[in-house]
1. Identify, please: which residue in region 97-109 is under 27 Å from the mean Cα position of the chain (by Cα) and assigned to a helix (DSSP H, G or I) and is, among those, farthest from residue 135 (Cα to Cα)?
2. Which condition does residue 84 not pass, out of (1) surrounded by fewer than 16 Cβ atoms within 10 Å (Cβ to Cβ); (2) in contact with a strand residue (DSSP E or B) (Cβ under 6 Å, 6 or more places away or on another chain), if it passes all the others?
3. Quick check: is even one residue across region 55-73 surrounded by 14 or more Cβ atoms within 10 Å (Cβ to Cβ), more than 30 Å from residue 8 (Cα to Cα) and at pLDDT 90 or above?
4. From the set of residues in region 16-40 that are without any contact (Cβ under 8 Å) to a residue 24 or more places away in the chain and within 30 Å of residue 4 (Cβ to Cβ), which is nearest to the chain's Cα centre (by Cα)?
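The values are calculated or read from the model by the stated rules, or taken from the named source; none is laboratory data. The model shown is predicted, which means the values in this text are computed figures rather than measured ones. Positions of Cβ are generated from backbone atoms using ideal geometry, with glycine treated the same way; all protein chains shown enter the neighbour counts.
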């Protein structure tokens, strides 16, 4: 749509220039009867065409910006993964699913634990599992709701 407006705007600019040029030529030759009308019509075409071209340029820039969705935050990506995994995830799962290093995944999970979004459970073999109670279903929140 912006391209059509831009094309129509340039057509109006060219028409306006032609009207003004014809009136200047007619005035110089003494043959123009409607000089004021020609200059006003030419000026309006120039103004309207220029505004259409400008609007088309501005609209094209905004449309490109609108089409690019924002990148989800790391926290949001971790929450989605935790939800998909039933509320329990490990740093290895995060690293594999989100394409990041193990240390970065572990640090992100530790930060969420520090903020109170999850708790870390360590099994007998030393594996850390991060528990997101909100994503474990109704039973995951049961101990908090009863206490």
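1. In the first step, residues of region 97-109 are kept if they are under 27 Å from the mean Cα position of the chain (by Cα); the result is 97-100, 104-105, 108.
So of that shortlist, the ones also assigned to a helix (DSSP H, G or I) come out as 97-98, 104-105, 108.
On the way: 97: 18, 98: 19, 104: 23, 105: 19, 108: 18 Å.
Step by step, filter region 97-109, then rank; the result is 104.
2. Exception for residue 84: condition (2).
3. Taking every residue of region 55-73 in turn, none turns out to be surrounded by 14 or more Cβ atoms within 10 Å (Cβ to Cβ), more than 30 Å from residue 8 (Cα to Cα) and at pLDDT 90 or above.
4. Of the residues in region 16-40, the ones without any contact (Cβ under 8 Å) to a residue 24 or more places away in the chain are 21-40.
Adding the requirement that they be within 30 Å of residue 4 (Cβ to Cβ) leaves 21-23, 37-40.
Working: 21: 45, 22: 47, 23: 48, 37: 47, 38: 46, 39: 44, 40: 42 Å.
Taking the candidates together, the pick is 40.
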